Amino acid sequence: MNVIPKAGGNTTSGSLFASGTGENLQSNNLTPELERQGLVATPLQKVYDFSGTLGGPIARNRASMSFESTSLMPASIMPSVR
């Protein structure tokens, strides 16, 4: 179900979002016992997430437009246990 509110419908607006993480912000739960058994964690190098939206009127009180974009950029393979 789409809902189009009347308030703010004739104004152009948008938003941007960005986040990222790297190896320095990651931890693991490998205990010394698990490491002795040969388990190693594959560290996450870098992951960036960007997204944005833009919306507004095409014709006042008649038609509007809306765009959204998301981009997830991993710089390496996601973490896993080998």
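Rule-based calculations on the coordinates, nothing more; no lab input. Please read all numbers here as calculations on a predicted model, not as lab measurements. Glycine gets a Cβ as well: all are built from the backbone with ideal geometry, and neighbour counts include every protein chain shown.
Here's the picture: charge each Lys and Arg Cβ at +1 and each Asp and Glu Cβ at -1 in the stretch 28-78, and of VAL40, SER64, SER51 the one pushed furthest to the positive end of that dipole is SER64. For SER64 and MET1, a Förster radius of 22 Å and the Cβ-Cβ distance give a FRET efficiency of 0.80, rounded to the nearest 0.05.
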